[in-house]
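Reviewing the structure listed below.
Bear in mind these aren't lab numbers, they're just calculated from the coordinates by the rules spelled out. None of the values given here were measured: they were computed from a predicted structure. Glycine gets a Cβ as well: all are built from the backbone with ideal geometry, and neighbour counts include every protein chain shown.
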Amino acid sequence: MADVLKKVPVREQDPQERAANFKEVCYGYNREEAMEEASRCIHCKNAKCIGGCPVNINIPDFIAQVKEGNIEAAYQIISESSALPAICGRVCPQESQCEGKCIRGVKGEPVSIGKLERFVADWAREQGIRPVPASEKNGHKVAVIGSGPAGLTCAGDLARMGYDVTIFEALHKAGGVLSYGIPEFRLPKDEVVAAEIENVKSLGVKIETNVIIGKSVTVDELMEDEGYEAVFIGSGAGLPMFMGIPGENANGVFSANEYLTRNNLMKAFREDYETPIAHGKKVAVVGGGNVAMDAARTALRLGAEVHIIYRRSEEELPARREEVHHAKEEGIIFNLLTNPTEILVDDNGWVKGIRCIRMELGEPDASGRRRPVPVEGSEFEMEVDTVIMSLGTSPNPLISSTTEGLDVNRKKCIVADEDNGQTSKEGVFAGGDAVTGAATVILAMGAGKAAAKGIHEYITGKNRKN
Ligand SMILES: Cc1cc2nc3c(=O)[nH]c(=O)nc-3n(C[C@H](O)[C@H](O)[C@H](O)COP(=O)(O)OP(=O)(O)OC[C@H]3O[C@@H](n4cnc5c(N)ncnc54)[C@H](O)[C@@H]3O)c2cc1C
Ligand code: SF4
């Protein structure tokens, strides 16, 4: 008899094997495992898990269908709220959202909501089941900037309401961070990301790639010359930050974004692609977030010995526990309470090492975490040939600087109403990382959803007045 206090365990690729390949780490549940896990849900009347989900999926109802083996019905319930369930089931931080609120978690482990969502979405994809498009178009045109989770969700929801929606994407491939940032071994690109984007397109959404708003065409031109009644900006936060230490311009120093883009979007890890990437022997990744874990685990798979350098202790690591656990299992070395002070460069301008200082934790700072303080006289040098900086990102100011009347805050994030995405400019809405700064897939989706509603109310209100 299975222990109802514990999740049905999920099968994963062996750590030693996976450290040398880019295949997906987690295999997910099969039908029997999913039905068994679903039977742990007690279908609470006042289900707290729903409130923990930023797109409010009806979790107890979809799980009840899984329990009965009605997977298609479960999929239709999920797709009323989410256009990207196979993606969310893989990358959402469920432990701090739906599963963090699950009543089962009080005495044991919460229901494995994420893995159940993933199972349902994968099953539906394998059966060729798609979300249902709107029966009629309403004749109103909306432009969406950016094809990340915020843009895709906003576009999908508007298309379901009958709008004629076009997404404009700067890169040659749609998906935002889902395509260029999160590695293949966590989120398969062709099998999962491309398939869910196809689902959004099947709702009638058009996607134009290689269009940089602010350069190819401006927001004002979209509205004044091209007949779009509203614009949603979901352009993300793709501008990397650096430390400003000596040696940061040397050859062999990358931002995590560039490193991951070369590998994920431009497939540098595949021999049939010509994209160059540094095959470092010893790589230092500076930072402790999910992006740092992704960069480190990518460098490991490309054959390097990889060191994470993080200035606080393990307790403060911002990355998801699961990612830290996987990184350690695969052999990533954690240099905690350590901060770089200089990147050492050889006579030809290439990285040859990194100078660091040990840190200790002082009083809590504004973030509530204990402030790291350098330990005097503790500097040391480490030999490395590649350094990947993963210190966070901010929104690119291109759109805000080319759009008249669009307010941004001091971090260059677009100012928008959380409830409906409305910005300071009439007819222009925004959401996702472009508004919050770097956050999560599901928060971006929640913002895209709220903005779709806001745009619908704006356009119907405007037409009622006319
Ligand atoms: C490496 C990495 C790993 C992550 N891992 C996770 C995870 O495990 N779980 C999680 O929940 N979150 C994770 N995140 C964060 C998450 O991916 C983001 O919060 C989310 O993608 C934000 O969605 P978005 O739609 O706002 O922006 P993005 O996904 O950044 O998409 C914005 C899109 O807009 C396009 N764009 C930008 N400017 C223009 C322009 N001027 N004209 C046209 N198009 C433009 C960009 O090319 C991009 O495609 C990770 C982020 C990174 C970088
Ligand atoms: S809180 Fe947990 S047990 Fe209750 S309905 Fe949600 S998933 Fe099921």
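Could you list the trypsin sites (Lys or Arg not before Pro) in region 384-417 that lie in coil according to DSSP, counting only those with at most 13 other Cβ atoms within 10 Å of their Cβ? Write down the numbers at each step before the final one.
Numbers: sites: 410, 411, 412; in loops: 410, 411, 412.
Passing sites in region 384-417 are 410, 411.
Each of 317, 391, 35 was scored by the projection of its Cα onto the charge dipole of the chain, and the greatest displacement toward the positive side belongs to 35; charges sit on the C-beta of Lys, Arg, Asp and Glu.
The label point for residue 412 and the one for residue 350, both projected 7 Å from the Cα toward the Cβ, are 3.2 nm apart. The residue among 251, 138, 333 whose Cα reaches farthest toward the positive pole of the charge dipole of the chain, with charges on the beta-carbon of Lys, Arg, Asp and Glu, is 138.
Sorted by packing (mean other beta-carbon atoms within 10 Å per residue), highest first, where do 21-28, 135-142 land?
Numbers: 21-28: 16.9, 135-142: 14.2.
Ranking the peptides 21-28, 135-142 by packing returns 21-28, 135-142.
Taking every DSSP beta bridge that has both ends in the chain, the antiparallel portion is near 40%. Mind running the shape call on region 242-391? Use the C-alpha gyration tensor, a ≥ b ≥ c as the square roots of the eigenvalues: rounded below 1.5 for a/c, prolate if a/b tops b/c, oblate otherwise. It is oblate, given that a/c is not under 1.5 and a/b is not larger than b/c. Shape call for the chain from the C-alpha gyration tensor, a ≥ b ≥ c root eigenvalues: rounded (a/c under 1.5), prolate (a/b greater than b/c) or oblate? Oblate is the answer for the chain, as a/c is 1.5 or above yet b/c matches or exceeds a/b. Spatially, region 331-393 and region 18-74 are offset by 40 Å when compared through their Cα centroids.
Once you charge only the Cβ atoms, +1 for Lys and Arg and -1 for Asp and Glu, what is the size of the charge dipole of the chain about its Cα centre, to the nearest 20 debye? Walk me through the numbers on the way to the answer.
Numbers: 54 positive and 68 negative charges, 185 e Å.
Using Cβ point charges on Lys, Arg, Asp and Glu, the chain gives about 880 debye.
Summing Cβ point charges (Lys, Arg +1; Asp, Glu -1) relative to the Cα centre of region 11-126 gives a dipole of roughly 380 debye.
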